[in-house]
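The values are calculated or read from the model by the stated rules, or taken from the named source; none is laboratory data. Only a predicted model underlies this, so the values are computations on that prediction, with no experimental measurement involved. Ideal geometry is used to build each Cβ from the backbone, glycine not excepted, and the neighbour counts take in all protein chains shown.
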Amino acid sequence: MQRPRSIPWSRVATITLVVVCVGYAPIAMTGLWPYAHPGAPALGEWVLARAVSGRYAADAVATRVGPYGRALLPMIIHSVLGGALMLLGPVQFLTAVRRRTRLHRATGVVFAVTVYVSMTGAAIYLVRTAPADAFSGAAFWIDLTTILIGTVMSVTFGIFAAVGGFPDLHQRWMLLCYGYLLTAPLLRLEWGALPRLFPGLSMEEINRVAIMHLGSVVVFGALVASRAMDRRRSVTGVRGTWVPTPVLVAAHLAGAAGMAWIVRSYLGWGANGHRLLAAYLVPYCAAYAVMFARQRTAGRGGRSWAREEWRLHWAGLCLAPAFSVAAALPLERYLGLDSLTALSAGVGIGCGVLAFAATVVVSLRVMYGRELVKRQGPATAPSAHRIPAPAAPTASVTPHTAPHAVRSARETI
């Protein structure tokens, strides 16, 4: 009996991504209709009411009327175009995989313009809304602002990489950009799933739980996708590592100190702190374990480039807790936030910011390698005396000329 063929995980992941994006697109496009016209049908509200409860969905709408009312038109533009981006993303991914270059470029231009316009609408809302007045509070406002900046900068760097002739870096930046965008549908999924895990929590409290790990989840997914699409064992000009053992040890020590501060702080805030800490630690530890294992496997297999990229992002992940603690201090002081809100905001943006920084370092690594090859090219190119001289032309030998050729050869010897 023939064994059934296993389905590659990459294909499963691709199908899942397409289903989530296509399913979320109409929810995003109609999400703000009830705020413009009370009672208007909204697919997302209908799904949420049946996934959790009608009161849960109604309370969620009621608590967002005030914040969204400050910039309703820009938010409608943002949500409608956000739904369009959910459709354009899979098109970009599939055309890149299928090598449809012209279609990929054309839809890429549309995608970039849509990102800029959609993020402009979100920026207007954030500028008009004070952090404390935002839906779900200041920590959520800070997280949204960071995602907006990361999305715009990622697509911009992706454009620069494409124009500069770095398709591998272009791919990484666009995957990171789409990872940031995927926080929207993943948050909606958590609106329906987390109330079953934490019954009785409002949507505002669910959002505070979600921001503890959404950033780390999406950037980790972008990294996994980048590595799955890059099968090169090495990259020209990239030698050695920018993350030697002393640097990695220092990153671990700094991260351990930051993590100890985070754990101690949340354990002192009762059940709410315990819940937020668990939402942060579980995905963080999973990402850490995968990065550690993958860089080790790549090193043993002689895949130097895969090992280097995994190690760069691993170091960034180690530094994320230290960055979160360092970011919480100015947030608490200059925005007047309480210590729990400030630390939650820092934790919410830590992994996303450090993954962005790691992608910057990866890009510099590749560009430095190319520049190194250009500078060393003339010096390392084979010289003229190393090139074998072309062989003298040999006359064709026919049956009639064979005896003369043999006689000539004997005379030469």
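Summary table
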| read-out | value |
| --- | --- |
| Selection count where residues are touching a Leu at 6+ places or on another chain (Cβ under 6 Å) and either among the polar types (S, T, N, Q) or under 21 Å from Met29 (Cα atoms) (or both), scope the range 124-140 | 0 |
| Unique match (being out of contact with any Gly (no Cβ under 8 Å at 6 or more places or on another chain) and within 24 Å of Ala293 (Cα to Cα)) among Gly316, Gly352, Gly346 | Gly316 |
| Any helices (runs of 4 or more DSSP H) falling wholly within the range 1-82 and containing at least 3 residues that are in contact (Cβ under 8 Å) with a residue 24 or more places away in the chain and more than 30 Å from Gly221 (Cα to Cα) | 33-36, 54-69 |
| The listed residue being of a type in the set (A, V, I, L, M, F, W, C), under 30 Å from Asp168 (Cα atoms) and modelled with pLDDT of 90 or more, out of Leu94, Leu88 | Leu88 |
| Test: residue in the range 56-75 that is within 16 Å of Met119 (Cβ to Cβ) and within 26 Å of the chain's Cα centre (by Cα) | yes |
| Any chance Ile142 is surrounded by 17 or more Cβ atoms within 10 Å (Cβ to Cβ), part of a helix (DSSP H, G or I) and touching a helix residue (DSSP H, G or I) at 6+ places or on another chain (Cβ under 8 Å) | yes |
| Neighbours by Cβ (under 8 Å, 6+ apart or cross-chain): first from the range 286-304, under 13 Å from Arg227 (Cβ atoms); second among the basic types (Lys, Arg) | Arg294/Arg227; Gln295/Arg307; Gln295/Arg311; Ala298/Arg307; Arg303/Arg233 |
| Flag for Ala161 being surrounded by 18 or more Cβ atoms within 10 Å (Cβ to Cβ) and either among the aliphatic types (A, V, I, L, M) or more than 20 Å from the chain's Cα centre (by Cα) (or both) | yes |
| Those residues of the range 145-167 which are part of a helix (DSSP H, G or I), more than 23 Å from Ala25 (Cα to Cα), touching a residue at least 12 places away in the same chain (Cβ under 8 Å) and out of contact with any Cys (no Cβ under 9 Å at 6 or more places or on another chain), in sequence order | Ile159, Ala161, Ala162 |
| Odd one out for Val117, checked against (1) buried (at least 20 other Cβ atoms within 10 Å of the Cβ); (2) within 20 Å of Thr30 (Cα to Cα) | (1) |
| The listed residue being in a loop (DSSP other than H, G, I, E, B) and closer than 27 Å to Tyr68 by Cβ, out of Gly200, Gly179 | Gly200 |
| Identity of the residue in the range 45-60, crowded, with 18+ Cβ neighbours inside 10 Å and of a type in the set (A, V, I, L, M, F, W, C), that ends up nearest to Thr120 (Cα to Cα) | Ala60 |
| Failed item, numbered, when Arg99 is tested on (1) part of a helix (DSSP H, G or I); (2) under 30 Å from the mean Cα position of the chain (by Cα) | (1) |
| Within the range 145-156, tally of residues that are of a type outside the set (S, T, N, Q) and either touching a strand residue (DSSP E or B) at 6+ places or on another chain (Cβ under 9 Å) or surrounded by fewer than 21 Cβ atoms within 10 Å (Cβ to Cβ) (or both) | 4 |
